[in-house]
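To start, the structure under review is shown below, and the notes come after it.
The values are calculated or read from the model by the stated rules, or taken from the named source; none is laboratory data. These figures come from a predicted structure and were not determined experimentally. So basically every Cβ, Gly included, is an ideal-geometry build from the backbone, and we count neighbours across all protein chains shown.
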Amino acid sequence: MTTAIEMRNIVKRFPRVLANDHVSLTVEEGEIHSLLGENGAGKTTLMNILSGLAAPDEGEILLHGTPVHFRSCLDAIKHGIGMVHQHFMLVPVFTVTENIILGNEPKRGFWLNMKQARAKVAELSERYGLKVDPDALVRDIPVGMQQRVEILKALSRGVRIIILDEPTAVLTPQEVRELYVVMRALREAGHTIIFITHKLQEVEEITDRVTVLRDGRVMGTAETQDVDEAGLARMMVGRDVVLHVKKEKHSAGEVRLQVEHLFAKDARGLPALKDVSLEVRAGEIVGIAGVAGNGQNELVEVITGLRNKESGKILLGDLDISEMTPRERMYAGLGHIPQDRQRRGLVMNFSLIDNFLMGFEDSPPFAKGPMLDYAEAKRFSRESIQMFDVRTPGPHVLARTLSGGNQQKVIIAREFRRDPAILIAAQPTRGLDVAAIEFVHEGLIKLRAQDKAILLISMELTEILDLSDRILVMYEGKIVGSFKAGQATPEMLGLLMAGSNIDQAGGQENTPTYRNGEEGGVDHG
């Protein structure tokens, strides 16, 4: 194969951080090459250098054997290198077409030629199998479609080397499979793809070769077919990692969280929750599975007080919290790991100290009368950073300077240390590497052993199946099935998530009643 990219001895320093320590990377033409590593291993920094977003302090880059130096992202694009970032860089109020042509608008005289622009988008969409609605506003389309827009935006500028930064972090399982189809099609068309990830299964499934980074250094490069997940995990972390949850039997206690006949609308004013009832007991993890957009997010927001309900009741034990504010619910014992870490979990322009302290600031030992004990707050923050392995120079840095995975660790540290009686965990391991996922899973199991009640919402079916004592499936705002641990398979859950009927006992249409011979195999919520 012909070498497309060669990065030699790249060094990148930030204040008190050596992000890339003499990193060398070779990527061949027409391959899908994975860049694998823990959160904060230096993957994104290295690719920011390759895409012109940052300049190396030392080292050189060769493109098809010729030394190059990129002064900007536009310069890299002109050389055929484009990057699709983890957090999309789209204008929400613009259409799909307007976003794709932005900065590269076709003109007719002095005027924008929208007919030509739409035709170009349609042609690219057809050529690469990236189906999009050219006239839809970006704010109105799902995340998977937004990612397609970003890829089309890069392709419209003629790039041949595409960098995908954690592209599956916010995708549903169905959208991930669709992305794989797109990646294979791009490879067949002669494009080179650099795939940044921390998910071992993705490396095994879609890539040709893999390079592992740890602490800013290359641990090795291998043909994907020659390595397994356990070996990759050791290279990433430097030790053996438990890839599957070990969970002891634990008896559930009294009902801690009860939701009764909940109705609510989504942001567009359409019904999102349609008579949802559920309960979570002390010492129990209840998992909710479902394709994104079927009411899970609205359910979490209503329970935590971030969205108004139309009707229904929410009880924490015997306490009715239905009309309480989010802060009052927190003081009543409700913890929340939100799905959107940047909008709901952190104040991005606040320091880590401020973010760790949210919800603690008016309580001992941090509050001394009207004053904040800043020394104690700093000690608490440093302790949290160490306990949860947050990769940061220190507690004074702004939250927005951390990688997505480390931002997630800050939220998890805060909520775990709050010691809530009931924890709502929405996508708790999204964006985390294998070691951090292991840590979070162990933490959830420990909370369960301490008789905490946990409601887990996750797009990762393996996570739902491994952790949950009971599994609920949501479809179109309703709970359409309930299984005890060990009675559900990914195929069964997938059918329910897609709205199919898995009735094997003559139940009513659209009312799944799968049973495996054990009493209580399915309980219709």
Looking for something of a type outside the set (A, V, I, L, M, F, W, C) and under 22 Å from His87 (Cβ atoms) - is there at least one such residue anywhere in region 434-454? no
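Only residues that are on the phi > 0 side of the Ramachandran plot and touching a strand residue (DSSP E or B) at 6+ places or on another chain (Cβ under 9 Å): list them for region 420-452, please. So that I can check it myself, show each step before the final result.
Initial filter on region 420-452 (on the phi > 0 side of the Ramachandran plot): 427, 431, 451.
Passing the criteria: Gln427, Asp451.
For the condition assigned to a strand (DSSP E or B) and either more than 30 Å from Leu46 (Cβ to Cβ) or touching a Pro at 6+ places or on another chain (Cβ under 9 Å) (or both), what is the one hit in Ile412, Ile424? Before you say what the answer is, go through the steps one by one.
On the way: Ile412 fails: assigned to a strand (DSSP E or B).
Being assigned to a strand (DSSP E or B) and either more than 30 Å from Leu46 (Cβ to Cβ) or touching a Pro at 6+ places or on another chain (Cβ under 9 Å) (or both) holds for just one of Ile412, Ile424, which is Ile424.
Applying the selection to region 338-351, what residues are part of a helix (DSSP H, G or I) and in contact (Cβ under 8 Å) with a residue 24 or more places away in the chain?
As a first pass, look at region 338-351 and keep what is part of a helix (DSSP H, G or I): 341-345.
Answer for region 338-351, where residues must be part of a helix (DSSP H, G or I) and in contact (Cβ under 8 Å) with a residue 24 or more places away in the chain: Arg341, Gln342, Arg344, Gly345.
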Subset of region 127-182 that is touching a Pro at 6+ places or on another chain (Cβ under 7 Å) and of a type outside the set (A, V, I, L, M) - its residue that is surrounded by the most Cβ atoms within 10 Å (Cβ to Cβ): Gln147
For region 246-297: of the residues being under 29 Å from Ser500 (Cα atoms) and at pLDDT below 85, which is surrounded by the most Cβ atoms within 10 Å (Cβ to Cβ)? Val291
Would region 361-383 turn up any residue that is part of a helix (DSSP H, G or I), of a type in the set (S, T, N, Q) and touching a Lys or Arg at 6+ places or on another chain (Cβ under 7 Å)? no
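Identify all residues within region 434-449 that are more than 22 Å from Gln201 (Cα to Cα) and touching a residue at least 40 places away in the same chain (Cβ under 8 Å); write none if there are none.
The first filter runs over region 434-449 and keeps only residues more than 22 Å from Gln201 (Cα to Cα), leaving 443-449.
Hits for region 434-449 are Leu444, Ile445, Arg448, Ala449.
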Kindly list the number of the only condition in (1) part of a loop (DSSP other than H, G, I, E, B); (2) closer than 30 Å to His261 by Cβ that fails for Leu444. (1)
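Whether any residue in region 204-212 is assigned by TED's automatic domain parsing to the domain that holds Ile100, without any contact (Cβ under 8 Å) to a residue 24 or more places away in the chain and surrounded by fewer than 18 Cβ atoms within 10 Å (Cβ to Cβ) is what I want to check. Break it down stepwise before answering.
Taking region 204-212 first, the residues assigned by TED's automatic domain parsing to the domain that holds Ile100 are 204-212.
Pick out the ones that are also without any contact (Cβ under 8 Å) to a residue 24 or more places away in the chain and you get none.
No.
Which one is nearest to Arg177 (Cα to Cα), of the residues in region 123-137 that are part of a helix (DSSP H, G or I) and in contact with a helix residue (DSSP H, G or I) (Cβ under 9 Å, 6 or more places away or on another chain)?
Of region 123-137, the ones part of a helix (DSSP H, G or I) are 123-128.
Narrowing further to those that are in contact with a helix residue (DSSP H, G or I) (Cβ under 9 Å, 6 or more places away or on another chain): 124-125, 127-128.
Values: Leu124: 20, Ser125: 18, Arg127: 19, Tyr128: 15 Å.
Filtering first and then ranking leaves Tyr128.
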Working carefully through the options Glu204, Glu166, Glu178, find the one that is of a type outside the set (A, V, I, L, M, F, W, C) and modelled with pLDDT of 90 or more. Glu204
How many residues does region 4-24 hold that are out of contact with any helix residue (DSSP H, G or I) (no Cβ under 7 Å at 6 or more places or on another chain) and either at pLDDT below 95 or of a type outside the set (Val, Ile, Thr) (or both)? 13
Every pair of residues 6+ apart whose Cβ atoms lie under 6 Å, when the first sits in region 352-369 and is within 16 Å of Ser384 (Cβ to Cβ) while the second is modelled with pLDDT under 85: Phe366/Phe360
May I ask you to verify whether Phe366 is outside the structural domain of Glu301 (by TED's automatic domain parsing) and either closer than 13 Å to Arg417 by Cα or within 28 Å of the chain's Cα centre (by Cα) (or both)? no
